[in-house]
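Enquirer: Please read through the structure below; I'll follow up with questions.
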Amino acid sequence: MVDIHAHLLSSDVKFDRFYDKIAIRFFASKLGMDAKALIENPYETYTAGLMKNIRESKYLSKTVLFGVDARVDEKGKTLHKDITVCATNDDLLKLYLKNKDIIIPFFSINPLRPDALDLIDKYYDLGFKGAKFLQNYWGVDTREKRFVPYFEKLKEKNLPLIVHIGSESSVHSFKECESIEMLDQPLEIGVNTICAHMALSYTPLGIFKALSSNPKHFNDEYFKLLEMLEVYDNLYADISALLTPVRAKVLRHLSQQKGIHNKLLFGTDFPVPFTTVINSYDLSFKRRLEISKIKNPHDRYVEVMLEYFDRDNALFTNYKKLLDTIDR
């Protein structure tokens with residue numbers, strides 16, 4: 001299997017805030033990493049741990065890995081660069097060159113950069129296989145016509161594009177840029193487009209609805225995505241971050257939508273933490289405990305998905321439709 005959605009952290013990342021230290025001590029072991037090492041040497045510990053997890057996984061052979069470009073203005077001046085998520089393409093390139101057998105690199109290039117098209121050419125020539133948008137962080141409305149050349153360039157090079165759709169809690173997000181309409185223009189141009197996180201949204205104040213497994217409480221854009229997957233041949237959706245409690249509720253319903261399983265992609269959103277015991281899905285408590293004891297976090301994720309999707313389900317092999325140049 002291939003994890004279609006994983007994050008490289010910024011080489012400047014630090015876990016030195018009080019909250020960070022508490023969270024790291026709680027989640028580090030579940031991510032297959034040492035808490036003390038993450039605090040003292042965060043970037044090197046994270047990258048080494050991620051590579052180790054993939055190499056030791058009984059299910060995964062490779063991971064699609066990407067950073068996130070900074071928020072910039074139309075002259076390319078940096079307006080904000082998150083110290084955790086904004087890993088650069090060059091940092092990813094260095095890691096990729098040392099781990100070509102397990103990394104499939106996707107670049108992240110803010111389309112507001114004046115040299116965005118040249119950068120696409122640059123990283124394509126260096127072996128990058130796709131693109132990642134966090135347009136909601138950038139404040140980029142992908143429907144604007146000025147971005148047509150960007151998407152045409154991706155189409156020309158047959159590079160798939162992962163677009164974050166739905167709620168965002170890791171960084172500041174422009175809500176108007178989280179909507180499913182952010183898929184419209186790349187789809188119409190013909191880009192192979194991946195909707196991340198099944199377009200699931202939630203609000204902190206609506207906690208009951210956010211955790212309810214009753215489909216009447218799912219957000220409208222989730223159902224809109226299911227319809228769009230049947231209409232657009234070039235639209236796919238990944239199941240990354242679906243083990244967070246506010247998203248796991250849809251797993252039973254999604255597993256029953258067999259008509260679109262040929263358009264789903266396995267992904268984790270690593271290192272976003274998830275729980276296998278206290279969650280909103282409908283597995284028995286005994287099974288939850290069994291899965292929670294699996295050491296490798298990627299294998300834990302897969303084991304949950306195998307409770308809803310058979311091992312031969314297209315979900316686990318659909319990546320081949322998009323990454324046909326994987327060995328380029």
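A short reminder: the numbers here are calculations on the coordinates, not readings from a lab. Keep in mind the model is a prediction, meaning the values are calculated, not measured. In this analysis, Cβ positions are derived from the backbone assuming ideal geometry, glycine residues included, and neighbour counts consider all displayed protein chains.
Enquirer: Looking at Thr142, Leu112, Asn318, which one has the Cα that reaches farthest to the positive end of the dipole of the chain (charges on Cβ: Lys, Arg +1; Asp, Glu -1)?
Expert: In the chain, that residue is Asn318.
Enquirer: If one computes the Cα centroid of region 184-246 and of region 91-165, what distance in Å separates the two points?
Expert: 21 Å
Enquirer: Another question, then. Kindly provide the trypsin sites (Lys or Arg not before Pro) of region 15-83 that DSSP labels as loop, not H, G, I, E or B, and whose Cβ sees at most 12 other Cβ atoms within 10 Å.
Expert: Values: sites: Arg17, Lys21, Arg25, Lys30, Lys36, Lys52, Arg55, Lys58, Lys62, Arg71, Lys75, Lys77, Lys81; in loops: Arg17, Lys58, Lys75, Lys77, Lys81.
In loop regions of region 15-83 (DSSP not H, G, I, E or B), the sparsely surrounded trypsin sites (Lys or Arg not before Pro) are Arg17, Lys58, Lys75, Lys77.
Enquirer: Further, regarding this structure: Given Cβ point charges of +1 (Lys, Arg) and -1 (Asp, Glu) and nothing else, what value in debye, to the nearest 20, does the dipole of region 189-291 about its Cα centre take? Could the numbers behind the result be given before it?
Expert: Working: 11 positive and 9 negative charges, 93 e Å.
Approximately 440 debye in magnitude.
Enquirer: Got the relative contact order for region 237-328 handy, in percent, Cα pairs under 8 Å and 6 or more residues apart? Let's see the in-between values first.
Expert: Values: 94 pairs, mean separation 31.9, N = 92.
Once normalised by length, the contact order is 35 percent.
Enquirer: Just list whichever of Lys122/Lys157; Lys62/Lys129; Lys77/Lys122; Lys62/Lys295; Lys129/Lys224 have alpha carbons separated by over 23 Å in the model shown.
Expert: Checking Cα-Cα distances, Lys129/Lys224 exceed 23 Å.
Enquirer: Let me ask something additional. Whole-Hz Karplus ³J(HN,Hα) for region 189-197, in order, using 6.51 cos²θ - 1.76 cosθ + 1.60 and θ = phi - 60°, x for Gly and Pro?
Expert: Each residue of region 189-197 in turn: 6, x, 6, 5, 10, 10, 7, 7, 6 Hz.
Enquirer: Could you tell me the relative contact order of region 146-190? Use alpha-carbon pairs under 8 Å, at least six residues apart, and round to a whole percent. Kindly include the intermediate steps, with their values, before the conclusion.
Expert: Numbers: 23 pairs, mean separation 21.2, N = 45.
Dividing the mean separation by the residue count of region 146-190 yields 47 percent.
Enquirer: At most 11 other Cβ atoms within 10 Å and a DSSP loop assignment: could you name the GluC sites (Glu not before Pro) in region 78-172 that fit? Provide the component values of the computation, followed by the final result.
Expert: Working: sites: Glu144, Glu152, Glu156, Glu168; in loops: Glu144, Glu168.
Listed in order of number, the matching sites are Glu144.
Enquirer: With +1 assigned to the C-beta of every Lys and Arg and -1 to the C-beta of every Asp and Glu, and no other charges, what is the dipole magnitude of region 1-58 about the Cα centre in debye, to the nearest 20? Mind dumping the intermediate values first?
Expert: Details: 9 positive and 8 negative charges, 44 e Å.
The dipole magnitude comes to about 220 debye.
Enquirer: Can you run phi through the Karplus equation (6.51, -1.76, 1.60; θ = phi - 60°) for region 244-253 and list ³J(HN,Hα) in whole Hz, with x for Gly and Pro?
Expert: Residue by residue, region 244-253 yields 6, x, 7, 10, 4, 4, 8, 4, 4, 4 Hz.
Enquirer: Once Rh is set to the Kirkwood radius over Cα pairs, what Stokes-Einstein translational diffusion coefficient, in µm²/s, holds for the chain at a temperature of 10 °C and a viscosity of 1.306 mPa s?
Expert: Values: Rh = 20.0 Å.
In µm²/s, the coefficient rounds to 79.
Enquirer: Would you grab the residues whose amide H sits under 5 Å from the one on Ile103? Only those 5+ places off in sequence or on another chain, please, with H modelled 1.01 Å from N.
Expert: Thr63
Enquirer: Quick one: Lys249, Lys295, Lys153, fewest Cβ neighbours within 10 Å first, how do they rank?
Expert: Numbers: Lys249 25, Lys295 11, Lys153 22.
Going from sparsest to densest Cβ surroundings: Lys295, Lys153, Lys249.
Enquirer: In debye, nearest 20: dipole of region 60-133 around its Cα centre with unit charges on the Cβ of K, R (+) and D, E (-)?
Expert: Working: 12 positive and 11 negative charges, 45 e Å.
Computed charge dipole of region 60-133: roughly 220 debye.
Enquirer: Relative contact order for the chain: what percent, with Cα pairs under 8 Å and sequence separation of 6 or more?
Expert: Working: 602 pairs, mean separation 56.6, N = 328.
Relative contact order here is 17 percent.
Enquirer: Amide H neighbours of His5 under 5 Å, at least 5 residues apart or on other chains, H built in the peptide plane: list them.
Expert: Val64, Thr268, Asp269
Enquirer: Ignoring everything except DSSP H segments at least 4 long, calculate the 222 nm mean residue ellipticity for the chain; use -39,500 (n - 2.57) per segment, divide by total residues, nearest 500.
Expert: After summing the helix terms and dividing by the residues of the chain, the value is -9500 deg cm²/dmol.
Enquirer: May I ask you to list the aspartates and glutamates whose Cα is less than 17 Å away from that of Lys94, ignoring any residue fewer than eight positions away on the same chain?
Expert: Straight-distance partners of Lys94: Asp12, Glu44, Asp69, Asp125.
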